[in-house]
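Comments concern the structure below.
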Amino acid sequence: MDTFNVNAYTPLETTEICSRVGTKKANMRVDKIFISAAIAGCYLAFSSSVCLVINTSPWVRYPSYTTLAALHRRISVWKMLMHWVLTFFGNLAGSLFIVGVIIGYGGVLDDKLYRDEAIKFADKKAYTPMWHQIFLRAIGANWLVCVACWLAFQARDVAGKIAGIWWPVFAFVALGLDHVVANMYFIPMAIFLGSPHITVSYYIWKSMIPALLGNILGGGLFVAVVHWYLVCISRPWLSLIRSLAYANNWKGSHRDFRADPDQRATLQG
């Protein structure tokens, strides 16, 4: 009888891949981290413009892989936090550039219908819900976003990655959850267009802070920490083996574990 073959990494292998990615990202040069995050913010803002016109919401991943890398002791907590700060402000810079220069002064949303819809959408995101509601929605948002990224790493081919990403993204969009980086376009755009309810200080306190804290909890705790606990905590010696192998042989490369039977056997314990 033929066996059913799933072309995917095991949970343990996926945990290792995500940890390496987090380590690689955290060890990038500061300027490259910031510029990369700014470009990501630009891309997200462009997609958010389209989503606003068709009345849907986008998604974006948050740098939660560094949490896993820190749990594996490949990077320090300080380096993890520094990476978070750089990517956060890089995303903000990229989003604000698109808001102010391309979309704002470019007159993309000057039509009254689009202007009203942008302000109305921002009100639903920042003005109508209470602080704790935004916080709780943000937990769910980044939980789903990071699950999507996790499944993308677990798949070994493009079709599998697309299929893995689709369902968590669909749930995130359908539920209308809050992601701090997605809101970096929607809320400032409404402020630029003259929202009567939302100011910069109101946006920071009522939307940015609760969404940021919720996103950190959703991605860091419910994805990174949970997977690390389920996969690694029962075998404490694996962390040491991974750290030594990473430092001496792998050098943070993201290569196919199954190509090397010895390394695969080590990972599977």
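The values are calculated or read from the model by the stated rules, or taken from the named source; none is laboratory data. All values reported here derive from a predicted model rather than from experimental measurement. Ideal geometry is used to build each Cβ from the backbone, glycine not excepted, and the neighbour counts take in all protein chains shown. The area values use the complete protein model at the heavy-atom level, side chains included, leaving out ligands, DNA and RNA. Shrake-Rupley method; radii C 1.70, N 1.55, O 1.52, S 1.80 Å.
Which count do you get for residues in region 120-133 that are open to solvent by less than 30 Å² (accessible area, probe 1.4 Å) and among the aliphatic types (A, V, I, L, M)? Final tally of qualifying residues: 2.
The condition of being open to solvent by 30 Å² or more (accessible area, probe 1.4 Å) and modelled with pLDDT under 90 does not hold for ASP116. Residues in region 83-113 that are closer than 19 Å to TYR202 by Cβ and open to solvent by 40 Å² or more (accessible area, probe 1.4 Å): LEU96 only. So, PRO210, is that one exposed (fewer than 15 other Cβ atoms within 10 Å of the Cβ) and either at pLDDT 90 or above or of a type outside the set (S, T, N, Q) (or both) or not? No: the conditions fail for PRO210.
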